[in-house]
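What follows is a short report on a single structure.
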Amino acid sequence: MQWCHYRNDQLLAEEVPLAELANEFGTPTYVYSKAAILQAYGEFAHAAQGHRTLVCYALKANSNLAVIELLVRAGAGFDIVSAGELARVLAAGGDAAKVVFSGVGKSESDIRAALAAGVRCFNVESEPELRRISALAAASGQRAPISLRVNPDVDAGTHPYISTGLRENKFGIAHERALDAFKLAASLPNLEVLGIDCHIGSQITEIAPFLAALDKLLELAGRIEAAGIALKHLDLGGGLGISYQGEQPPARRDLLEAIFARLASHRLGRNYELMFEFGRAIVGNAGLLLTRVEYLKSTPVKDFAVVDAAMNDLLRPALYDAWHGVLPVARRDDEQVVYDIVGPVCESGDWLARNRRLALRPGDLLAIASAGAYGMTMSSNYNSRPRAAEVLVDGNRALLVRSRETVESLYALERRLPPAD
Ligand SMILES: *Cc1c(COP(=O)(O)O)cnc(C)c1O
């Protein structure tokens with residue numbers, strides 16, 4: 001998170017002091033760096049230059065319209081998992097022809113919306129989904145472009161909740177059934193088979209699992225083509241990790257170059273366009289969650305810093321036992337104490353960080369680092385807590401890109417009972 005740095009012991013986001021953002025927008029607030037998002041995407045785009053490659057951004061990592069629009073302008077494609085995400089891409093000025101539609105449970109209305117918009121490809125995860133898409137395409141007089149997501153049975157070496165390429169997983173079509181599924185797809189009149197895809201997991205910090213998945217796809221592609229079904233593209237999904245706690249994921253360029261080299265050495269691989277669907281690697285280290293210490297609370301066994309952000313704002317620690325760095329916004333020389341950083345929600349799982357050595361006073365501000373991906377998008381209103389504001393910094397400017405929710409908006413769709421008789 002180079003965009004987040006100290007000057008005179010004050011933490012800045014790009015050139016904006018975080019303390020000023022807290023004064024202006026309140027806390028908790030998500031803060032994103034425009035430069036960091038564009039740099040991360042740009043490294044992929046640069047490495048892909050000269051190759052027939054579309055780098056898609058997986059919207060579910062962070063679907064704020066301003067974030068999407070930055071990536072629209074930078075030329076990215078988009079990976080979506082719902083009609084809601086499609087609507088966001090279109091609302092941000094994106095082009096449906098650069099959208100791939102993933103997800104294991106596409107509803108009829110999801111599919112209709114995507115057909116109407118003209119998405120580039122449906123990444124299909126089951127035989128019944130093939131039939132449903134073909135039927136809906138027939139009803140609107142279209143041929144739906146599809147790819148089949150296969151489960152390559154590759155261990156991405158990551159947390160079980162974010163590992164998706166193993167046999168026991170709900171995702172994709174089992175490797176040994178893939179050929180039959182492709183034959184079914186090719187036989188359905190309103191489908192156009194374009195490609196084959198996979199997505200093996202998230203927060204992957206090595207190149208090897210990606211190459212193993214690629215090899216499995218290429219081997220399958222050989223058998224699919226031998227059955228007379230031509231493919232145009234391979235989609236390797238997303239999943240590249242970031243550094244939360246000193247992990248060292250491969251450089252984006254090194255990953256892409258290893259993949260291009262493997263493709264170039266393969267008889268069929270040379271012919272295919274390549275697609276990626278990166279989420280976390282584009283936005284994860286481009287965001288932080290700004291929060292204020294409400295209380296310092298000592299118990300006989302532990303010291304707690306109770307802050308105004310909680311698991312409803314940033315679920316990853318509670319859900320995955322995830323580690324996020326915690327940075328004081330104003331560094332001070334006081335004695336340091338080991339704290340658990342916890343929120344006000346009534347759950348023992350409501351913690352953001354554990355055993356952090358910090359010098360704190362009530363009212364201090366903290367930055368929860370690496371919160372740009374799967375932060376705001378996984379947030380909820382649990383405990384009737386309005387969702388945080390979102391701010392995008394650009395040099396010395398700060399742009400409010402989502403207002404803090406109001407309490408009234410939380411129950412605006414609810415209805416009171418009819419009058420009692
Ligand atoms: C979540 C998801 C992605 C993005 O994963 P990251 O780990 O954020 O890169 C890509 N493709 C599919 C199908 C997904 O479900």
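Derivation of every value follows stated rules applied to the coordinates shown; laboratory data play no part. The structure displayed is predicted, hence computed values, not measured ones. FYI the Cβ positions are ideal-geometry reconstructions off the backbone, even for glycines, and counts take in every protein chain you see.
Here are some notes:
- Whole-number D in µm²/s for the chain (Stokes-Einstein; Kirkwood sum over Cα pairs; 20 °C, 1.002 mPa s): 94 µm²/s
- Here the relative contact order of segment 95-278, from alpha carbon pairs under 8 Å that lie six or more residues apart, stands at 18 percent.
- Among 73-84, 193-204, 232-243, 391-402, the peptide with the highest mean count of other Cβ atoms within 10 Å heads the list, and the full ranking is 193-204, 232-243, 73-84, 391-402.
- Lys/Arg +1, Asp/Glu -1 at C-beta; the chain dipole; positive extreme among Met1, Ala83, Ser379: Ala83
- Derived value for segment 95-278: Kirkwood hydrodynamic radius 16.7 Å. Basis is the mean of 1/r over every pair of different alpha-carbon atoms.
- Prolate/oblate/rounded call for segment 343-421, Cα gyration tensor, a/c under 1.5 rounded: oblate
- Between the amide H of Cys56 and those of Gly77, Phe276, Glu277, Phe278, distances stay under 5 Å, these residues lying 5 or more places away or on another chain, with hydrogens modeled in the peptide plane.
- Using θ = phi - 60° and Karplus 6.51 cos²θ - 1.76 cosθ + 1.60, couplings along segment 240-249 (whole Hz; Gly, Pro as x): 5, x, 10, 8, 9, 9, x, 4, 10, x
- Net charge over other residues, Cβ less than 15 angstrom from the Cβ of Glu405 (K, R count +1; D, E count -1): -1
- Karplus-based coupling profile of segment 331-339, in residue order and whole Hz: 7, 9, 8, 4, 5, 8, 10, 8, 10, with θ = phi - 60° in 6.51 cos²θ - 1.76 cosθ + 1.60 and x standing for Gly or Pro.
- Computed over the chain: relative contact order in percent, which uses C-alpha pairs under 8 Å that are six or more apart: 19 percent
- Backbone phi angles across segment 279-296, fed through the Karplus curve with coefficients 6.51, -1.76 and 1.60 (θ = phi - 60°), yield HN-Hα couplings of x, 3, 5, 8, 10, x, 8, 9, x, 9, 10, 8, 9, 10, 6, 8, 9, 10 Hz in residue order; Gly and Pro are listed as x.
- DSSP H segments from the chain that extend 24 Å or more along their own axis, Cα-based, with Kyte-Doolittle mean of -0.5 or above: 208-226
- Amide H contacts of Arg387: Glu405, each under 5 Å away and 5 or more positions distant or on a separate chain (H built 1.01 Å from N in the peptide plane; Pro and chain starts excluded).
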